Structure formats: C-alpha cells, structure tokens
1. Grab the helices (runs of 4 or more DSSP H) fully contained in the range 89-175, keeping just those with 2 or more residues being modelled with pLDDT of 90 or more and under 26 Å from Arg59 (Cα atoms).
2. Just to verify a result, which residue in the range 113-162, among those that are of a type in the set (Ser, Thr, Tyr) and without any contact (Cβ under 8 Å) to a residue 24 or more places away in the chain, is farthest from Ala83 (Cα to Cα)?
3. Does the range 29-42 include one or more residues that are farther than 18 Å from Tyr85 by Cβ, surrounded by 14 or more Cβ atoms within 10 Å (Cβ to Cβ) and modelled with pLDDT of 90 or more?
4. Look through Ala76, Ala11, Ala22 and report the one residue that is within 26 Å of Val170 (Cα to Cα), modelled with pLDDT of 95 or more and of a type in the set (A, V, I, L, M, F, W, C).
Amino acid sequence: MRTFWPRNRHAILEQGRLATQALRLWIPRQVAIALVAATTMTLVIGFATVLIPNPVFARDIAPVWWNYPVWLLTGALSGMLVATYFGGSKTPEPADESSVQQLGRPGKLGVAGGFLAWFAVGCPVCNKLALLALGYSGAITWFAPIQPVLAVGALVLTGVALFARLRGQVACPVRERPMEAAR
C-alpha cells in the first residue's frame, strides 16, 4: 500500500524538513525553470479564462475576488512542481531510513490540480463541458457554487504533489553515474 502522508506528527515534521532541504539545494537553473514554468502556466490560464483581458477570449460572467489568488498560487505551485523534474548538481546527504516512504505518483496530482484550477477560475457558462451537461441556467445554478471547492481542491492537489516531489528529492535522491560506469 502506498503511503502518501506520514502517520504521526514527528514523521510529518521530518517530511517537512526534507521538503525544505530540497528547496535549499535548488540550483539557479531550477529556480529559472520554476519562474518560466510559473509564468507560462499563469499566462495560459489567465488568457484562456480572461483573468487577463484579451481580444481572443470572452467571459460572460465577471471574475470573483478569489479567482485571482487561486490563479496566481496555482501558477506558482505548478512552476515549482515542474522545476522538481529538472535535477540539480547539488547532491543531498542521504536521509535516514525512517524518513523514506513510498512517494506514489505526485505528477498525476499536479496535472489534476492544474485542470481543477482551470475549471475553478473560469467563467461557469463559458465552460463548454458544464454548458453541455447542465445548460446555461444549470451552469450558473450548479457549477458556479462548486467552483470555490474546485479551487481548494486544485491548490491542495498541486501543493501535495509539490511537497511529495520535494521530499522525494532528498529522501530518494538519484545519483549521477560516471560515464565509464554507465557503459
């Protein structure tokens, strides 16, 4: 059985320490990748959901106040998550065996978080899936009220994926092999 979260408080603090240590070990290349990926994700969601006004897309219902922080936080978390897939040259010291757990597949959680954020901050009646399934009044009556729940889910899923990737960089580091040993 895969354990995604530790079971006791001490283990949770240890996992948090591992994630923080991973962030400290990032090299400038990873920071640059995080910034580029965060900017790209923020621009893509912002243009498509018309949180950034543009002539290509339209929005029938104005954004609400919470759309902007969810949009920006999702972009930042997603950018950091992407950067975890680009390892650095700093090698962490091996973690003790008690802190190593099976990490599951956090990449899937990150993708799910990105899609949920897209649906959460978008116009409820501009969403073709909601419009087809519920109709115009159904999208306003049924889909719009659950958008804040989708937003929380998006942030939680993306945050959990980032946390798992960060702690995995220290708990289960991949060491580079010399070229002669690889042959």
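1. It comes to 106-121, 144-171.
2. Once the filter is applied, the top-ranked residue is Ser137.
3. yes
4. Ala76
The values are calculated or read from the model by the stated rules, or taken from the named source; none is laboratory data. Not measured: the values here are computed from a predicted model. Note that we place each Cβ from the backbone using ideal geometry, even for glycine, and neighbour counts take in every protein chain shown.
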